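Only the coordinates and a few stated rules stand behind these numbers; no lab work does. Note that this is a predicted model, so its numbers are computed, not measured. Note that we place each Cβ from the backbone using ideal geometry, even for glycine, and neighbour counts take in every protein chain shown.
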């Protein structure tokens with residue numbers, strides 16, 4: 001029987017228990033939201049935002065599910081609770097602070113049997129092109145680190161996503177342009193080039209619930 005995959009984004013309501021939920025064959029994954037890219041009034045290459053962390057738990061017993069999904073840029077965790085107990089939690093990446101890179105979400109701050117680190121954003125400098133945002137951690141690896149601000153084109157590259165739903169970071173802005181937004185889910189925003197330009201948006205987190213449906217078939221034995 002094929003697995004059922006349910007995906008939830010920022011703003012979605014918490015789901016009710018599916019009729020065919022299987023407590024013995026499921027997984028719940030959380031992708032943390034990302035930090036936004038740095039900006040400032042003076043020209044220069046500003047830092048990239050941090051990518052979200054990744055956490056996963058398997059074979060969770062469903063009991064009054066509540067959830068929170070980071071909007072991106074709010075530095076809020078993404079989590080799933082059952083009957084008030086945290087089962088899975090992924091930390092958000094941090095916003096860049098001018099030319100100081102945003103840290104990636106930490107696996108050590110998460111909850112789950114599998115946990116990975118989000119990528120740190122690239123570091124800003126006096127160079128004219130912005131730094132890249134960190135990639136979101138995912139099913140295969142930690143998120144990639146964003147490239148630092150550059151003196152010549154291209155700008156700092158966004159860090160790679162770690163697999164599954166994990167998004168790559170946005171690249172830094174070229175001189176005179178905004179930083180590029182990160183990618184869903186959890187990719188950090190690229191740094192701006194100052195002078196009225198804006199850092200790229202850190203993307204929101206995501207929750208993915210996968211399960212093998214229970215069989216509703218009935219077996220009726222008739223005595224011979």
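Structure summary
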quantity	calculated
Pairwise label distance in nanometres, residue 113 with residue 98, each label 7 Å out on the Cα-Cβ vector	4.7
FRET E, pair residue 85, residue 177, Förster distance 41 Å, beta-carbon r, rounded to 0.05	0.35
Paramagnetic reach from residue 9 (point 7 Å along Cα→Cβ, amide N under 15 Å) across the range 158-176	165-168
The chain: relative contact order in percent, alpha carbon pairs under 8 Å with at least 6 residues between	26
At 1.002 mPa s and 20 °C, Stokes diffusion of the chain via Kirkwood alpha-carbon radius, µm² per second	126
Choice from 189, 147, 84 showing the highest fluctuation, given a GNM over the chain with Cα pairs closer than 10 Å	84
Tail fraction, Cα-Cα pairs, the range 1-101, threshold 19 Å, whole percent	50
Rotationally averaged projected area of the range 69-201 (alpha carbon convex hull; nm²)	7.4
Per-pair calculated FRET efficiency, R0 = 25 Å: residue 212 and residue 140 via Cβ, rounded to 0.05	0.70
Among beta bridges that DSSP assigns inside the chain, antiparallel share in %, nearest 5	100
